[in-house]
Amino acid sequence: YLALAAVELFILIDASQREALSTRLMLLGIGLLIALLVARQYLTVRENIAHVRARALEQERLVHLAQNSSDAAVLVAADGTIRFDLPILPRLLGVEARTLVGRSILALLVPDDRARLGHILNDLQPGKTAAPLTVRGAASSGRLRSLEVVAANHAHVPALDGIVLNIRDVTDRAQ
């Protein structure tokens, strides 16, 4: 825009100094510059729309993958407070999805297993992944579920800034 304004200013200055320069030629030059600018803006808008559509498609794809996954992925703080979870965890434990964020993941486990997972969450260093741990979670039906949990500390990743728990129901395998 600044370049366009500068060129138009030079054309106007030049036109005022040269009486022979036709007003039509001056207006044609200004019109051509404006047309080029509008075309550039049009192409930029089309490119931005294509990027937005691609991003929306990617997000929709991830949502569908998460909804149809058999494993749960949960983002927790080091104290176990759930910051984000995928839809499978509420289905796995039979609890309301909106009640999980802000609660402790440890509260969903039987008392004997809370300390084991709590130690892993507290001791896991950024960039490290813990060995799989099997814990028991109490489903809303009262039935205990055996859950295999793999914790990976992603505190060094700004978009996550926490510990990612991958949780798989291994009840059938454990019995």
**Prompt:** Out of (1) at pLDDT 75 or above; (2) in a helix (DSSP H, G or I), what's the single condition that is false for F84?
**Reply:** (2)
**Prompt:** Which of the following residues is at pLDDT 85 or above and farther than 25 Å from R61 by Cα: D172, D112, D161?
**Reply:** D112
**Positions within segment 103-117 being in a helix (DSSP H, G or I), over 13 Å from L133 (Cβ atoms) and open to solvent by less than 50 Å² (accessible area, probe 1.4 Å), in sequence order** = L108
**Request:** Being part of a strand (DSSP E or B), within 26 Å of the chain's Cα centre (by Cα) and not aliphatic (A, V, I, L, M) is the filter here, so list the residues in segment 118-157 that pass it.
**Result:** T129, E148, N153
**Fill in**
The lone condition R145 fails out of (1) surrounded by 15 or more Cβ atoms within 10 Å (Cβ to Cβ); (2) at pLDDT 90 or above; (3) basic (K, R) is (2)
**Prompt:** Here are T171, T134: which of them is open to solvent by less than 30 Å² (accessible area, probe 1.4 Å), of a type in the set (S, T, Y) and in contact (Cβ under 8 Å) with a residue 12 or more places away in the chain?
**Reply:** T171
**Asked** Residues in segment 69-94 that are within 18 Å of the chain's Cα centre (by Cα) and open to solvent by 10 Å² or more (accessible area, probe 1.4 Å): how many?
**Response** 10
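The values are calculated or read from the model by the stated rules, or taken from the named source; none is laboratory data. This structure is a prediction, so every number in the text was calculated from the model and none was measured. Neighbour counts run over all protein chains shown; Cβ positions are idealised from the backbone, glycine included. Keep in mind that these areas ignore ligands, DNA and RNA; they rest on the heavy atoms of the full protein, side chains included. Shrake-Rupley method; radii C 1.70, N 1.55, O 1.52, S 1.80 Å.
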